[in-house]
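Undergrad: Sharing a structure, written as structure tokens. Questions coming.
The values are calculated or read from the model by the stated rules, or taken from the named source; none is laboratory data. Here the structure is a predicted model, which means the values were calculated and not measured. Methodologically, a virtual Cβ is constructed for each residue, glycine included, from the backbone with ideal geometry; neighbour enumeration extends over all protein chains shown.
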């Protein structure tokens with residue numbers, strides 16, 4: 001099968017959606033399918049070999065310039081190549097770019113308007129390039145924020161078109177009015193040009209059907225899958241220092257502050273210790289004050305030496321991180337649709353503690369690799385972690401079951417197989 005997949009680059013950030021898209025494309029290629037993984041905006045950053053195309057559509061610099069100046073909507077192609085080049089986009093990606101919905105409302109609406117938006121020249125460029133390529137059997141796009149491209153691509157290629165749903169509601173909810181309401185209206189309006197939607201969890205399929213007013217029967221579930229190469233379940237925990245891990249973007253919505261509050265509560269409990277709170281993940285410039293506030297509270301509690309932020313980790317360092325923690329929690333303060341770090345931790349033989357919301361109940365029920373707590377409740381989280389600390393045999397049993405459960409339900413091969421079922425049903 002020939003597949004064209006649009007994936008949106010996130011500049012210099014390890015993005016869960018980019019990691020998922022690259023893993024899916026890699027497995028489909030391994031199985032013998034012809035896949036073009038086409039980045040939009042910037043090159044993608046992954047912690048596995050990157051199989052995306054050299055070409056980058058909708059270069060982020062052009063998109064920005066065309067949004068803010070009518071002059072750049074009419075510049076000649078030879079001039080556009082200066083800032084559309086991979087070198088220029090790579091240079092721009094090295095700068096820390098804030099992806100803040102509060103400041104991107106107008107650009108979001110423009111992109112969702114497709115051919116009537118300020119980036120219509122980019123659509124023309126894309127369609128001209130597509131004419132030089134073999135017609136794909138199916139087209140997929142990373143998220144509904146790209147749905148403004150559905151109509152022109154569908155008309156140009158006459159190929160079935162899918163749209164994957166994997167967490168864009170968080171960005172949409174951050175838009176101010178009138179952008180929030182207009183964005184939802186445009187996504188709903190463009191949904192008629194999409195043959196099928198793909199959600200990364202059953203919970204998210206139900207949620208997005210209501211949120212975007214899409215018929216639930218039009219949404220297919222393709223659960224996340226991870227490449228288990230190099231993931232080795234760690235040995236049973238018998239360490240003297242109990243290490244609690246956090247692995248995700250360092251941002252309020254991912255809940256590091258909730259875990260830090262829970263840690264301070266644990267350290268006040270009789271007999272609890274020695275312990276450490278280990279955190280890792282991408283830190284955007286706008287969230288540095290957030291991390292500093294967490295560090296300050298740990299210092300005030302006399303626990304500065306027990307908290308360590310490891311930064312953004314590549315694959316080798318990530319695998320080592322999981323080997324060196326005893327329990328992981330990503331206590332997201334919103335209904336998380338994916339939970340990729342949770343699956344990776346379990347694959348590495350680490351028990352998890354997750355809030356009872358979003359995709360987490362679904363993951364825990366399937367894998368039986370963790371326990372649950374109440375959302376946005378540091379004391380409930382502390383109680384759950386404390387139960388694992390008190391009962392290391394239970395923690396080890398959860399870790400073993402989680403490692404088996406991920407291998408039974410969340411492999412990249414299973415994700416590719418399910419995606420192919422959806423694609424084939426459209427062809």
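Undergrad: When you look at residue 131, is it more than 29 Å from residue 181 (Cβ to Cβ), in the same structural domain as residue 420 (by TED's automatic domain parsing) and free of Cβ contacts under 8 Å to residues at least 40 places away in the same chain, yes or no?
TA: Working: more than 29 Å from residue 181 (Cβ to Cβ): yes; in the same structural domain as residue 420 (by TED's automatic domain parsing): yes; free of Cβ contacts under 8 Å to residues at least 40 places away in the same chain: yes.
Criteria met by residue 131.
Undergrad: So, in region 265-287, of the ones that are over 20 Å from the mean Cα position of the chain (by Cα) and either part of a helix (DSSP H, G or I) or at positive phi (or both), which residue ends up surrounded by the fewest Cβ atoms within 10 Å (Cβ to Cβ)?
TA: At the first step, the residues of region 265-287 found to be over 20 Å from the mean Cα position of the chain (by Cα) are 265-278.
Next, from what is left, pick out any that are either part of a helix (DSSP H, G or I) or at positive phi (or both): 265-267, 271, 273.
Working: 265: 17, 266: 21, 267: 18, 271: 6, 273: 13.
Looking at residues that are over 20 Å from the mean Cα position of the chain (by Cα) and either part of a helix (DSSP H, G or I) or at positive phi (or both), I get 271.
Undergrad: Checking the conditions here, which among 251, 262 is in the same structural domain as residue 356 (by TED's automatic domain parsing), crowded, with 16+ Cβ neighbours inside 10 Å and closer than 29 Å to residue 390 by Cα?
TA: Of the residues listed, the single one that is in the same structural domain as residue 356 (by TED's automatic domain parsing), crowded, with 16+ Cβ neighbours inside 10 Å and closer than 29 Å to residue 390 by Cα is 262.
Undergrad: Being crowded, with 21+ Cβ neighbours inside 10 Å, in contact (Cβ under 8 Å) with a residue 12 or more places away in the chain and closer than 24 Å to residue 359 by Cβ, is that true of even one residue in region 304-315?
TA: no
Undergrad: Name the residue, out of 76, 136, that is farther than 24 Å from residue 249 by Cβ, touching a strand residue (DSSP E or B) at 6+ places or on another chain (Cβ under 7 Å) and modelled with pLDDT of 90 or more.
TA: Details: 76 fails: touching a strand residue (DSSP E or B) at 6+ places or on another chain (Cβ under 7 Å).
From the options 76, 136, the qualifying one is 136.
Undergrad: Also, quick follow-up: Could you name every one of the helices (runs of 4 or more DSSP H) located completely within region 153-237 that has at least 3 residues being over 23 Å from residue 418 (Cα atoms)?
TA: Values: elements: 169-173, 179-190, 202-211.
Counting at least 3 such residues, we get 169-173, 179-190.
Undergrad: Among the residues of region 82-103, are any over 22 Å from the mean Cα position of the chain (by Cα), more than 30 Å from residue 175 (Cα to Cα) and at pLDDT 95 or above?
TA: no
Undergrad: Restricting the search to region 328-339, which residues are surrounded by fewer than 24 Cβ atoms within 10 Å (Cβ to Cβ) and either under 10 Å from residue 233 (Cα atoms) or within 15 Å of the chain's Cα centre (by Cα) (or both)?
TA: Filtering region 328-339 down to residues surrounded by fewer than 24 Cβ atoms within 10 Å (Cβ to Cβ) leaves 333-335, 338.
Scanning region 328-339 gives 334, 335, 338.
Undergrad: Whether any residue in region 108-122 is within 23 Å of the chain's Cα centre (by Cα) and either assigned to a loop (DSSP other than H, G, I, E, B) or on the phi > 0 side of the Ramachandran plot (or both) is what I want to check.
TA: no
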